Amino acid sequence: MPEEPCQCPDCQRFYREHDRLIRERPTLRQQQELNWAALQSFRTLSGRVLEDLQKQYGSRTDENSSLVNGPGELDDQSDALQQAIAELENINAHLFSIEALMERIFDVRVPDVVEKKFKEIAGELAPDPLNADRLRLNRLLHQTPDLPDRN
């Protein structure tokens, strides 16, 4: 008996986006370009936010900080900001690693017959609510303890 797809709003939003991306970009080349653009936009935005935070809060420790509303909040705010900056640095390092891997994927070229097969399969995948990849993601989203709670 097939497993039913999750009906939570996050999964439903994923299913719609998943299908849309397959329908709108049904070839290997289009998927390569889409993923490259998404990676680059993520790197650009994340890098810029990190840079601005480092400039604004990187070495700020005085009591007159605009983040502080009371004497005990300086340490808490400073610790939270330093932790966020460290996490963004980790994200950016991971994004650079992903970029190196994506460069290899982006270099792959396939004959027209293979691109045609991509389009054929894309037409079959997009409307399928019981697609194995969807069901795997559903399990990951709802059963992985290290993912943040979405409530």
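The values are calculated or read from the model by the stated rules, or taken from the named source; none is laboratory data. Quick caveat, the model's predicted, so the values are computed rather than measured. A quick note on method: Cβ atoms are made from the backbone with ideal geometry, for glycine too, and the neighbour counts reach across all protein chains shown.
Going through (1) assigned to a helix (DSSP H, G or I); (2) at pLDDT below 90; (3) loosely packed, with under 13 Cβ neighbours inside 10 Å one by one, PRO71 falls short only on (1).
Screening GLU103 on (1) touching a Leu at 6+ places or on another chain (Cβ under 9 Å); (2) exposed (fewer than 14 other Cβ atoms within 10 Å of the Cβ); (3) modelled with pLDDT of 85 or more shows it passes everything except condition (1).
Among residues that are part of a helix (DSSP H, G or I) and either modelled with pLDDT under 85 or surrounded by 13 or more Cβ atoms within 10 Å (Cβ to Cβ) (or both), ASN64 is not included. Just one of (1) surrounded by 11 or more Cβ atoms within 10 Å (Cβ to Cβ); (2) at pLDDT 90 or above trips up ALA93, so point out which. Every condition holds for ALA93 apart from (1).
How many of the residues making up segment 140-151 are assigned to a helix (DSSP H, G or I) and modelled with pLDDT under 70? Of the residues in that region, 3 qualify. Only residues that are in a loop (DSSP other than H, G, I, E, B) and farther than 30 Å from ARG13 by Cβ were counted across segment 109-127, and they come to 3. Going by the conditions given, is LEU45 assigned to a helix (DSSP H, G or I), within 30 Å of ILE105 (Cα to Cα) and modelled with pLDDT of 90 or more? Yes.
Within segment 27-53, residues that are surrounded by 12 or more Cβ atoms within 10 Å (Cβ to Cβ) have Cβ atoms under 8 Å from residues that are of a type in the set (Ser, Thr, Tyr) and assigned to a helix (DSSP H, G or I) in no pair, counting only partners at least 6 apart in sequence or on another chain.
Within the span defined as segment 111-122, one or more residues are among the basic types (Lys, Arg), surrounded by fewer than 15 Cβ atoms within 10 Å (Cβ to Cβ), in contact with a Ser or Thr (Cβ under 9 Å, 6 or more places away or on another chain) and at pLDDT 80 or above. Flag set for LEU137, criterion: surrounded by 13 or more Cβ atoms within 10 Å (Cβ to Cβ), in contact with a helix residue (DSSP H, G or I) (Cβ under 8 Å, 6 or more places away or on another chain), modelled with pLDDT of 70 or more and assigned to a helix (DSSP H, G or I).
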